[in-house]
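What follows draws every value from the coordinates through simple rules; no lab data is involved. The structure displayed is predicted, hence computed values, not measured ones. A quick note on method: Cβ atoms are made from the backbone with ideal geometry, for glycine too, and the neighbour counts reach across all protein chains shown.
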Amino acid sequence: MQELIWQIKPDLIIETGIAHGGSLIFSASMLAQLDMCDAIEAGATFDPSVSSRKVLGIDIDIRAHNRAAIESHPMASRIQMIQGSSIAQGVIEQVHAIAANYSRVLVCLDSNHTHEHVLAELNAYAPLASKDSYCVVFDTLIEDMPAEMFPDRPWGPGNNPKTAVWEYLKSHPEFEIDKTIQNKLLITVAPDGYLRRLD
């Protein structure tokens, strides 16, 4: 993800699934580095608290202690959060309205891992990924794991993010699986999940 962010130089990173907020903080810190490089190239003073680049996180349940930790972090000014189901129409509309203000968008899907939910997220958010950027779908490895690995979860082989990716790509030729990323990593939670937007 660090290499992708550095390559794409996004203005906005959209992430479904917040949990404790670690990926939000990571993404925000990467955007801060991009801003610092921009300032150096322009010969300007870098102010880490000011940025037009943002991370937008969506989660159905942002727990109070997690929200407090995120909002008290030095990267907090770069982070916006929406509480609600990522596939609820009102939430989708909010995200699209925010994304309309940005030109380079990177999308990361990492919430409910059922086929139906991820396919709905792909339909809602993959179109927001800008040309030559990515929609990254996490935990596609569930398809390749033994069914007994997920006894208390509604997902498993045959019903997971990878099956949703395969279904989505049948009717969306504007995306392709970038296998060079998983081939370089060798071990990844997102095989077939790095979707590059072609146009």
Given (1) of a type outside the set (Phe, Trp, Tyr); (2) buried (at least 18 other Cβ atoms within 10 Å of the Cβ); (3) under 14 Å from the mean Cα position of the chain (by Cα), number of the condition His115 does not satisfy: (3)
- request: Among the residues of segment 1-21, count how many are within 20 Å of Tyr102 (Cα to Cα), in a helix (DSSP H, G or I) and of a type outside the set (S, T, N, Q).
  value: 4
statement: Within segment 37-53, of all residues that are in contact (Cβ under 8 Å) with a residue 12 or more places away in the chain and more than 17 Å from Ile8 (Cβ to Cβ), the one surrounded by the most Cβ atoms within 10 Å (Cβ to Cβ) is Pro48
- prompt: Restricting attention to segment 161-199, which residues are out of contact with any Ser or Thr (no Cβ under 7 Å at 6 or more places or on another chain), closer than 16 Å to Ser111 by Cβ and not in a helix (DSSP H, G or I)?
  reply: Val189
query: So which of Ile58, Ile8 ends up being crowded, with 21+ Cβ neighbours inside 10 Å and of a type in the set (A, V, I, L, M, F, W, C)?
result: Ile58
message: Checking the structure you have, find out if any residue of segment 80-99 is more than 30 Å from Phe150 (Cα to Cα), surrounded by fewer than 23 Cβ atoms within 10 Å (Cβ to Cβ), small (Gly, Ala, Ser) and touching a helix residue (DSSP H, G or I) at 6+ places or on another chain (Cβ under 6 Å).
response: yes
- prompt: Only one of these conditions is not met by Asn101: (1) closer than 20 Å to Asp59 by Cβ; (2) part of a loop (DSSP other than H, G, I, E, B). Which number is it?
  reply: (1)
query: Can you find a residue in segment 125-146 that is of a type in the set (Phe, Trp, Tyr), closer than 24 Å to Lys54 by Cβ, touching a helix residue (DSSP H, G or I) at 6+ places or on another chain (Cβ under 8 Å) and outside any loop (DSSP other than H, G, I, E, B)?
result: yes
query: Of (1) touching a Leu at 6+ places or on another chain (Cβ under 8 Å); (2) over 20 Å from Leu128 (Cα atoms); (3) loosely packed, with under 15 Cβ neighbours inside 10 Å, Ile70 satisfies all except one. Which?
result: (3)
